[in-house]
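Inspection log for the structure reproduced underneath, given as structure tokens.
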Amino acid sequence: MLTAAVYGFVVGDALGVPYLKQSRGTFLCREMIGFGTAGQLPGTWSTNTSLLLATMDSLSHTGTFQAEDLRKYLQQWEHFSAGFPGIKPLSVGATTALALMRGVGASSVSANGSGSLVRMLPFVFVPHTDAQVREASAVTHAHPIAQDACVMYTQIAQNLLAWQDLRTAACNAQQNVLPQIKAPWRPFFAESEPELDTSGYVVHMLEAVLWCLSTTDNYADAVKAAVNLGGQTATTAALTGGLAGILYGRNAIPPAWVEKLRKKDVLDRAIHNFSSLYR
């Protein structure tokens, strides 16, 4: 299931890259293409995947979560972009970049983007506590809202792995986490598409991800719905794809999309190292 989740995440990421920051309704994503806003070749994944791989390698290196080791690996994010020839890697978000430069996570209310949420998926497959998830978020995003979202996402994924249906998984996660948090969560699944916001705010991002999953019944349609919401297309589709990979399995990811992915050897190495330690 680890492979399904990681490939689900990365395929969604690459699917959304060409449409980054485009407005909803001005395009329609049907297949994996290239160029567009980011000017990248088809199958190029963003720094969402770079940070995910860095997290996997840190956990593989230490055998457990260690904040300083994770920071060290995240600071090498350009290495995890795998050096695509002739193409400048997409930059990390401002909050992540500043936190890694300063060596301390941003704690202001304005620092509640999705930069820590995109690297939480590996924790689902290792022994961990909610406190460790919060601390892992705080390496870059230390505000309680961002930390709450990371706990919520990992709990939803864990519930899906325990064969709960999506609605039950999300509602159980919300009930478990809400008594401990201060984030402005609304009831999940209550939003209609016009109300969804994919500008990057972590609460809205998680709501959009759950909307995409709850209004579709297969991997491809879920990640295409995420891209077609516009805005932070790669992030929305990556986060949707990670959960959709768990929901529908590795074989549900369109083979043509997987075939187009660049640097699959980098992904497979990270998955192998990670699974060898934690199986």
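The values are calculated or read from the model by the stated rules, or taken from the named source; none is laboratory data. Quantities reported herein were computed from a predicted structural model and do not represent experimental measurements. Don't worry about glycine lacking a Cβ; one is built from the backbone with ideal geometry, like all the others, and counts go over all protein chains shown. Only protein heavy atoms, including side chains, enter the accessible area calculation; ligands, DNA and RNA are left aside. Shrake-Rupley method; radii C 1.70, N 1.55, O 1.52, S 1.80 Å.
Residue count for region 235-256 satisfying the condition of being under 19 Å from Pro18 (Cα atoms), surrounded by 21 or more Cβ atoms within 10 Å (Cβ to Cβ) and out of contact with any Phe, Trp or Tyr (no Cβ under 8 Å at 6 or more places or on another chain): 4. Whether a residue is touching a helix residue (DSSP H, G or I) at 6+ places or on another chain (Cβ under 7 Å) and not in a helix (DSSP H, G or I) was assessed, and Ser114 passes this test.
When region 217-234 is limited to residues that are touching a residue at least 24 places away in the same chain (Cβ under 8 Å) and open to solvent by 10 Å² or more (accessible area, probe 1.4 Å), the one that is nearest to Asn172 (Cα to Cα) turns out to be Asn218. Look at (1) closer than 25 Å to Leu59 by Cβ; (2) open to solvent by less than 10 Å² (accessible area, probe 1.4 Å) and you find that Glu207 fails only one, number (1). Cβ-Cβ distances below 8 Å connect the following pairs, each with a first residue in region 92-109 that is without any contact (Cβ under 8 Å) to a residue 24 or more places away in the chain, a second residue that is open to solvent by 50 Å² or more (accessible area, probe 1.4 Å) and among the polar types (S, T, N, Q), and a separation of six or more residues or different chains: Ala97/Ser91. Flag not set for Asp197, criterion: outside any helix (DSSP H, G or I), out of contact with any strand residue (DSSP E or B) (no Cβ under 7 Å at 6 or more places or on another chain), at pLDDT 85 or above and open to solvent by 50 Å² or more (accessible area, probe 1.4 Å). For region 130-167, a residue qualifies if it is in a loop (DSSP other than H, G, I, E, B), closer than 20 Å to Met1 by Cα and open to solvent by less than 10 Å² (accessible area, probe 1.4 Å), but none of them does. Of the residues in region 232-279, how many are closer than 16 Å to Asn48 by Cα, outside any loop (DSSP other than H, G, I, E, B) and among the polar types (S, T, N, Q)? Qualifying residue count for the region: 4.
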